[in-house]
Amino acid sequence: MPDPADSRFFRALQVACKGVDGLGDECRAAIDTAAETGDPLDMREARLCLDALDDGVRDAILHRTHQAMATDLSAIWDMMGTAPGRQRPN
């Protein structure tokens with residue numbers, strides 16, 4: 001079972017890649033596959049494709065991804081110790 005943070009990362013990455021020039025069809029497909037399957041090997045392949053991108057393109061995509069994750073209040077709330085379903089407050 002994939003880590004929820006990994007799943008959120010690849011879904012945010014997938015959205016951040018929309019409309020980005022210089023990404024390439026192979027890299028875009030690898031990211032889409034990783035976001036859809038959550039398979040560790042697919043995630044690894046997507047990460048390798050991302051790492052191979054031009055520094056400027058990769059940095060812009062990761063900036064957008066980080067911004068989306070950092071401002072996703074539902075994800076932040078889910079990770080809090082007092083979130084519904086938790087047995088203890090921390």
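Filtering segment 4-28 down to residues that are in a loop (DSSP other than H, G, I, E, B) and open to solvent by less than 80 Å² (accessible area, probe 1.4 Å), which residue is farthest from residue 49 (Cα to Cα)? Walk me through it before giving the result.
So in segment 4-28, the residues in a loop (DSSP other than H, G, I, E, B) come out as 17-24.
Within this subset, residues satisfying the condition of being open to solvent by less than 80 Å² (accessible area, probe 1.4 Å) are 17, 19-20, 22-24.
On the way: 17: 13, 19: 17, 20: 14, 22: 12, 23: 9, 24: 9 Å.
Here the residue is 19.
Restricting to segment 31-59, give me the number of residues that are of a type in the set (Val, Ile, Thr) and open to solvent by 60 Å² or more (accessible area, probe 1.4 Å). Break it down into steps so the answer makes sense when it comes.
Going residue by residue through segment 31-59, those that are of a type in the set (Val, Ile, Thr) are 31, 33, 37, 57.
Of the ones still in play, those that are also open to solvent by 60 Å² or more (accessible area, probe 1.4 Å) are 37.
Total satisfying the criteria: 1.
When segment 30-51 is examined, which residues are found to be of a type in the set (Gly, Ala, Ser) and not in a loop (DSSP other than H, G, I, E, B)? Full working, then the answer.
Narrowing segment 30-51 to residues of a type in the set (Gly, Ala, Ser): 30, 34-35, 38, 46.
The answer is 30, 34, 35, 46.
The values are calculated or read from the model by the stated rules, or taken from the named source; none is laboratory data. Because the structure is predicted, anything quoted here is derived from the model rather than measured. When the accessible area is computed, the model is the full protein with side chains, heavy atoms only, and any ligands, DNA or RNA have been set aside. Shrake-Rupley method; radii C 1.70, N 1.55, O 1.52, S 1.80 Å.
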